[in-house]
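For reference, the structure discussed in these notes is given below.
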Amino acid sequence: MVSKTEETQLNTLENQVDNGGGGAWEYLCLVRKLKVRRSEKVLKYGLSILNDPKKRSALGPEEWTLYEQVAIAAMDCQCLDFAKDCIKVLHKKFPESKRVGRLDCMLLEAKGSWAEAEKAYSSLLEDNPLDQAIHKRRVAMAKAQGNISVAIEWLNKYLEIFMADHDAWRELADIYLSLQMYKQAAFCYEELLLSHPTVPLYHLTYADVLYTLGGLENLQTAKKYYASTIDLTRGKNTRALLGICLCTSAIAQLSKGRSKEDKESPELQSLAAKVLEKEYKQRAADKLGLVTSALRSLKI
């Protein structure tokens with residue numbers, strides 16, 4: 001995940017290069033470091049360096065990294081001839097490289113030759129079953145073809161091997177959410193919370209999923225995770241504050257007729273409602289009336 005500082009740095013450097021202020025190589029390195037997708041810019045400025053013998057030779061060993069970066073950007077932009085030329089240069093330098101072989105597979109993907117690409121990826125995996133990049137390419141390829149069930153299958157197989165890959169767990173959770181498979185998505189976020197217990201986003205999204213599932217037990221748990229989100233963000237997460245209010249209202253409806261011991265104290269939701277009204281008064285006063293009306297409808 002790119003921080004605001006990194007994004008500002010990248011945009012500043014990009015504007016500098018766009019306006020002829022130099023720094024193309026530094027920009028390409030930063031794009032690679034942050035793993036962001038700026039394919040058109042990478043292709044444009046990467047080719048400007050590769051096509052200049054003096055600039056290219058000045059890179060030293062990094063020249064080959066740039067060829068790879070430009071090849072991937074070219075495929076992303078459907079400039080397949082440029083991609084093919086870059087891969088050809090890399091094959092000449094590294095004739096037995098599996099990494100370059102992976103680029104061949106990606107080129108087949110870009111051409112839409114799915115069956116050939118799958119066959120080539122399977123061959124590479126036979127040589128190295130623990131190649132994470134190839135496993136992920138297969139998932140991406142399945143998604144590109146609209147084979148969501150296959151993408152889920154391969155992601156699950158991948159996570160059986162690489163259980164600590166939190167990006168893969170998030171990817172799987174997002175797929176499940178898009179299919180309204182909320183119980184499966186909840187499991188993914190439980191895994192994420194076990195490995196990253198201090199990330200507010202995971203607490204918040206897990207709470208959202210549980211609230212969507214509904215039921216007294218899920219709502220009570222969702223409320224706890226909304227509360228932990230507020231704690232981790234020092235009370236500055238508006239969505240979690242609203243979640244507290246929504247959960248409390250829903251729990252009250254489901255708890256009607258139960259003993260007092262089963263009912264929850266109203267203190268937390270009252271505090272959340274006050275903070276919400278204060279936040280809107282300071283930052284969006286024109287919407288304060290709407291928020292106040294919504295909170296009243298929840299009987300808070």
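The values are calculated or read from the model by the stated rules, or taken from the named source; none is laboratory data. Since this is a predicted model, take the numbers as computed values, not measurements. For neighbour counting, all protein chains shown are included, and Cβ atoms are generated from backbone atoms with ideal geometry for every residue, glycine included. Heads up: the accessible areas ignore ligands, DNA and RNA and are worked out on the full protein's heavy atoms, side chains in. Shrake-Rupley method; radii C 1.70, N 1.55, O 1.52, S 1.80 Å.
Note the full-extension length gain between Trp114 and Ala133 as 0.36 nm times their separation in residues minus their Cα-Cα distance, in nm to one decimal.
Stretched out fully, the Trp114 to Ala133 stretch lengthens by 5.1 nm.
Under the Karplus relation 6.51 cos²θ - 1.76 cosθ + 1.60, θ = phi - 60°, what is the ordered set of whole-Hz ³J(HN,Hα) values for the range 164-181, x standing for Gly and Pro?
The phi angles translate into 8, 7, 5, 5, 5, 5, 5, 4, 5, 4, 4, 5, 4, 5, 5, 9, 6, 9 Hz.
For the chain, modelled as a Gaussian network with Cα springs under 10 Å, which listed residue fluctuates most, His196, His166, His135?
Maximum among the listed residues: His196.
Suppose only helical runs count, i.e. DSSP H with n ≥ 4. What mean residue ellipticity at 222 nm does that imply for the chain under -39500 (n - 2.57) per run, divided by all residues and rounded to the nearest 500 deg cm²/dmol?
That calculation yields -24500 deg cm²/dmol at 222 nm.
Can you compute the charge dipole magnitude of the chain about its Cα centre, using +1 on each Lys and Arg Cβ and -1 on each Asp and Glu Cβ, nothing else charged? Give it in debye, rounded to the nearest 20.
I would put it at about 860 debye.
Rounded to whole Hz and in sequence order, give me ³J(HN,Hα) for the range 113-128 from the Karplus expression 6.51 cos²θ - 1.76 cosθ + 1.60, θ = phi - 60°, writing x for Gly and Pro.
For the range 113-128, the Karplus curve yields 8, 4, 5, 5, 5, 4, 5, 5, 5, 4, 5, 5, 5, 5, 6, 9 Hz.
Rank Ala58, Gln9, Asn19 by how far each Cα sits towards the positive end of the charge dipole of the range 1-98 (+1 on Lys, Arg Cβ; -1 on Asp, Glu Cβ) and give me just the farthest.
Ala58
Pull out a ≥ b ≥ c, the square roots of the eigenvalues of the alpha-carbon gyration tensor of the range 15-157, then state rounded if a/c is under 1.5, prolate if not and a/b is larger than b/c, and oblate in the remaining case.
prolate
With percent of Cα pairs over 30 Å apart in mind, check (i) 38; (ii) 34; (iii) 52 and report the label derived from this structure.
Working out percent of Cα pairs over 30 Å apart from the coordinates points to (iii).
Between Ala120, Ala58, Ala71, which gets the highest mean-square fluctuation from a Gaussian network model of the chain, Cα cutoff 10 Å?
The residue with the greatest mean-square fluctuation here is Ala58.
In the range 71-177, what GluC sites (Glu not before Pro) fall in a loop by DSSP, with at most 14 other Cβ atoms inside 10 Å?
Glu96
So if I place +1 on the C-beta of Lys and Arg and -1 on the C-beta of Asp and Glu, and nothing else carries charge, what would the dipole magnitude of the range 1-91 be about its Cα centre? I want it in debye, nearest 20.
80
Cut-off 10 angstrom, C-alpha nodes, Gaussian network model of the chain. Which of Thr12, Thr212, Thr198 fluctuates the most?
It is Thr12.
I'd like the Karplus ³J(HN,Hα) series for the range 224-232: coefficients 6.51, -1.76, 1.60, θ = phi - 60°, whole numbers in Hz, and an x wherever there's a Gly or Pro.
Couplings: 5, 6, 5, 5, 5, 5, 4, 5, 5 Hz.
Loop by DSSP (not H, G, I, E, B), at most 15 other beta-carbon atoms within 10 Å: where is the longest site-free stretch of the chain for trypsin sites (Lys or Arg not before Pro)?
No qualifying site falls inside 38-233, the longest such stretch.
Please compute the per residue accessible area over the range 153-295 with all protein chains in place, 1.4 Å probe, rounded to a whole number of Å².
On a per-residue basis, the range 153-295 sits at 58 Å².
I'd like to know which of Ala73, Ala185, Trp154 lies farthest towards the positive end of the charge dipole of the chain, counting +1 on Cβ of Lys and Arg and -1 on Cβ of Asp and Glu.
Going by the Cα projections, it comes out as Ala185.
With respect to the cross-link table entries Lys41/Lys119; Lys223/Lys256; Lys33/Lys88; Lys119/Lys143; Lys4/Lys287; Lys88/Lys111, which display a Cα-Cα separation exceeding 20 Å?
Exceeds cut-off: Lys41/Lys119; Lys33/Lys88; Lys4/Lys287.
Using a 1.4 angstrom probe with every protein chain in place, what is the largest-first accessible-area order of Tyr27, Tyr225?
If we order Tyr27, Tyr225 from most to least accessible, we get Tyr225, Tyr27.
Using the Cα centre as the reference, give the magnitude of the dipole from point charges on the C-beta atoms of the range 96-197 (Lys, Arg: +1; Asp, Glu: -1; all else neutral), rounded to the nearest 20 debye.
Charge dipole of the range 96-197: 220 debye, to the nearest 20.
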